[in-house]
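Visitor: Below: one structure in structure tokens.
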Amino acid sequence: MSVNYLSTLTFDDEWLAALRRRSPGVQITQLPAEQAGDIPDRVWADVDVLHTSTMFPDLTAAPRLRWVQLDTSGVDHLRGTPLWHSDLAITTIGGVSPVPLAEYVMFAVLGSAHHLPALLDAQNRHDWPTPARRWQTMLPRPVAGATIGIVGYGRIGREIGRLARAHGMQVLAVNRTGRLHPAARDTDQVNFASGDDSGADIELFASNRLKEVLERCDFVVIVVPLTEQTGGLLDREMIAAIKPGATLINVSRGGIVNESALLEALNSGAISTVVLDVFEEEPLPPNSPWWSEPNAFVTPHVAGLAPRYAEQVLDIVAENLNRFVAGKPLLNLVDRARGY
């Protein structure tokens, strides 16, 4: 029996042709759609593999469907849906964004250390400050020798850590278990919080020691997936624990950080700078106070945009289609128990 793959996205003809060459025996169809009703019933009836972002059929209309390839890295938008509670395989495009996202984080670290919001404000006002004011308000904070805390030490977190070490930073990292993921064991030199490997590049902590990490960090980066366990992770108590004068950078999801508590900490001076690419409400409303905060740098959920996105997604989808046909384990398979 042939395998029918349906994309509801907008890949170009060259991309689709390449996928056909690399996945022989798979029937490749693309029908860009915003809602399930845009796809004819006869198409849904024959779909084995669905490649989509946020558009899903009534599962009874797609009786042959066995696998959904998401065009996203996160899966928080699926929780509570019939698809989430089904036994269908779900995979993501994890691995596409670690490099650009880590580069964004270092841009945020360097930008906050060098007072980028104030520099942009001076440029917009055509204001050349006096030497005295430059020293008082634009003297950079040190990056080399500073401590960065990476809350979420997966593929993205490891790439952030690599770039941070290249800038001479001390790296503390937090994951669920305090143990290294198998994929990183051959590349990372880790000092586990239990005290092993004292000459290592980073210190790795379990999530129950998050507060201890926050107290030590000059820069805090949030890069955990949004799950039932991480929702509200940085609550008022955790934000209060952050080292005075630190910078917080959130490139994960808005629901992980208590924004009102963060705003209070910023206004009080407890936190010096925040860099936010994600928010509880997106698009960010025009009347949001974040737009006008002088010590906040706001970007519109762009940290994960990948310059080689189409090429990398092609690699993932082609490999997974061939694995699917051969009955082999799929890449980036979502673990529903963990929520990602």
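Visitor: When you scan region 110-122, how many residues do you find that are of a type in the set (A, V, I, L, M) and touching a Ser or Thr at 6+ places or on another chain (Cβ under 7 Å)?
Guide: Adding up the residues that qualify gives 1.
Visitor: Out of the residues in region 30-89 meeting the condition of being assigned to a loop (DSSP other than H, G, I, E, B) and among the hydroxyl-bearing types (Ser, Thr, Tyr), tell me which one is farthest from the chain's Cα centre (by Cα).
Guide: Among them, the one singled out is SER86.
Visitor: If I filter region 254-261 for residues that are under 14 Å from LEU214 (Cβ atoms), among the aliphatic types (A, V, I, L, M) and touching a helix residue (DSSP H, G or I) at 6+ places or on another chain (Cβ under 7 Å), do I get at least one hit?
Guide: The answer is yes, given that some residue of region 254-261 is under 14 Å from LEU214 (Cβ atoms), among the aliphatic types (A, V, I, L, M) and touching a helix residue (DSSP H, G or I) at 6+ places or on another chain (Cβ under 7 Å).
Visitor: For a quick check of your reading of the model, give me the residue pairs whose first member lies in region 57-82 and is within 22 Å of VAL313 (Cα to Cα), whose second is of a type in the set (Asp, Glu), with beta-carbon atoms closer than 9 Å and at least 6 apart or on different chains.
Guide: Partner pairs satisfying both residue conditions: LEU65/ASP48; ARG66/ASP48; TRP67/ASP48.
Visitor: Another question about this same structure. Could you please give the count of residues in region 88-108 that are under 12 Å from ARG155 (Cβ atoms) and either buried (at least 20 other Cβ atoms within 10 Å of the Cβ) or modelled with pLDDT under 95 (or both)?
Guide: Matching residues across region 88-108 total 9.
Visitor: Now a separate question. Among the residues of region 314-337, which ones are within 16 Å of GLY74 (Cα to Cα) and in contact (Cβ under 8 Å) with a residue 40 or more places away in the chain?
Guide: ILE316, LEU331, ASN332, LEU333, VAL334, ARG336
The values are calculated or read from the model by the stated rules, or taken from the named source; none is laboratory data. Computed from a predicted model, the values in this text were never measured in an experiment. Ideal geometry is used to build each Cβ from the backbone, glycine not excepted, and the neighbour counts take in all protein chains shown.
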